[in-house]
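Undergrad: Sharing a structure with you now.
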């Protein structure tokens, strides 16, 4: 990015809630595998005379999500009508929350491994609001026509709106990944971006460094993966800078991300909240959330991903290794094992946790490795065969090293004359004679001692 400018980014994320039924009807909430327009009821299709009924589980999930994001819970959230006309919105309006959302004024601290995979970075993002709403349907574009599938109509969504606190495409990606971990760990969504369980729109502007006023905000829609979020924002930031540097002016608008061309494409002028003519939903009463409801939700809250990473660091794992285990969904198991058995070294646990799914099995295996002082090679054989083979002792290794040095006189001479790469060959010869039972590091140490005499 041009060093004269800085980016200002805010995100709007729709998270599909994993409830049993839809937001305002009994229709099944699992529409992914259904044939088009089969998982619908009259309410989903906007039939006259139908009335919505609030899904209690969706309200509970909304409260849990808001608490996990550090939001203050609204004691009386309420639904409103958001009016707009689109082919996949049969009622001509969407039931959403505008004036009184479930939660507001939250904050999320994010730590992540930077793109160089070496540096730990940290930043903080304010959460403007978390509100609940129903999803619209889906348009399917074919060569000859545009088709409408209403299966998704009424699916419960939690929309999370951030403050414009994000400074780079890399930070945007890191925040979304952290949000995915949070909603998964509290169990309110599968949050698979590729399947549409989590969708992201990004508001981005650029301004000269040092300027306090925001630049012209452009919304980028339809971004369905972490990689594309980063790519779309990087492209759009570059495009805006290029326009400004060329003496042009930016107009507030909505653009779509085109994966094939790797560019953003203008779609329409940007609407404001006034364009949607919000007013309270007359068919639904306000929801009363008392302190007991909030306390009950707080008791169900598991450990957050950031807390888990902090405990792993305290246990002695490097942040790089923590990031690797987290990406492989093994960090929670590693920390649980370290909590259960403090005598186990963090590095040893991290080296073996990928091969186990159950805490008890991993602990039993590692305790056997420690009790029998198994080398890495012996531990691998124990894992594969279930048999414990004790390593070759120092005296036996020294004898084998001596035999190898005699049988490989020419190689030894070449090594001493500067061909250092032959050291690995000699180590391999010793290991072969021990049938792999010896610890390679011990073999290398003894061999080097003999070669320097």
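Undergrad: Restricting to region 358-378, give me the number of residues that are over 33 Å from the mean Cα position of the chain (by Cα) and either surrounded by 14 or more Cβ atoms within 10 Å (Cβ to Cβ) or in a helix (DSSP H, G or I) (or both).
TA: 9
Undergrad: May I ask you to list the residues in region 396-431 that are part of a loop (DSSP other than H, G, I, E, B) and surrounded by 13 or more Cβ atoms within 10 Å (Cβ to Cβ)?
TA: 408
Undergrad: While we're here: Any chance region 87-94 includes a residue that's out of contact with any helix residue (DSSP H, G or I) (no Cβ under 9 Å at 6 or more places or on another chain), buried (at least 16 other Cβ atoms within 10 Å of the Cβ) and more than 23 Å from residue 13 (Cβ to Cβ)?
TA: The answer is yes; a qualifying residue exists.
Undergrad: Considering only region 125-168, give the strands (runs of 3 or more DSSP E) lying wholly within it that have at least 2 residues that are modelled with pLDDT of 95 or more, in contact with a helix residue (DSSP H, G or I) (Cβ under 8 Å, 6 or more places away or on another chain) and crowded, with 18+ Cβ neighbours inside 10 Å.
TA: 156-162
Undergrad: Can you tell me which residues in region 239-262 are within 15 Å of residue 220 (Cα to Cα) and surrounded by 12 or more Cβ atoms within 10 Å (Cβ to Cβ)?
TA: 239, 240, 250, 252, 253, 254, 255, 256, 257, 258, 259, 262
Undergrad: Quickly run through region 180-218 and pick out the residues that are in contact (Cβ under 8 Å) with a residue 60 or more places away in the chain and assigned to a strand (DSSP E or B).
TA: 198, 199, 200, 201, 202, 203, 204, 205, 206, 207, 208
Undergrad: Right, here's the next one. If a residue must be more than 16 Å from residue 129 (Cβ to Cβ) and out of contact with any helix residue (DSSP H, G or I) (no Cβ under 6 Å at 6 or more places or on another chain), how many such residues does region 59-83 contain?
TA: The qualifying residues number 2.
Undergrad: Only one of 313, 324 is within 15 Å of residue 354 (Cα to Cα) and either outside the structural domain of residue 59 (by TED's automatic domain parsing) or at pLDDT below 95 (or both); which?
TA: 324
Undergrad: Give region 311-332 a look and list any residue that's out of contact with any strand residue (DSSP E or B) (no Cβ under 8 Å at 6 or more places or on another chain), assigned to a helix (DSSP H, G or I) and surrounded by fewer than 19 Cβ atoms within 10 Å (Cβ to Cβ), or say none.
TA: The answer is 311, 313, 314, 321, 324, 327, 332.
Undergrad: A further question follows. Can you spot a residue in region 384-395 that is touching a residue at least 40 places away in the same chain (Cβ under 8 Å), within 20 Å of the chain's Cα centre (by Cα) and either in a loop (DSSP other than H, G, I, E, B) or assigned by TED's automatic domain parsing to the domain that holds residue 91 (or both)?
TA: No.
Undergrad: What number of residues in region 435-453 are within 14 Å of residue 376 (Cβ to Cβ), at pLDDT 85 or above and either crowded, with 19+ Cβ neighbours inside 10 Å or touching a strand residue (DSSP E or B) at 6+ places or on another chain (Cβ under 7 Å) (or both)?
TA: Count: 1.
Undergrad: Restricting attention to region 268-313, report how many residues are closer than 30 Å to residue 123 by Cβ and over 28 Å from the mean Cα position of the chain (by Cα).
TA: 4
The values are calculated or read from the model by the stated rules, or taken from the named source; none is laboratory data. All values derive from a computational prediction rather than experimental measurement. Please note: Cβ atoms are built from the backbone with ideal geometry, for glycine as well, and neighbour counts cover all protein chains shown.
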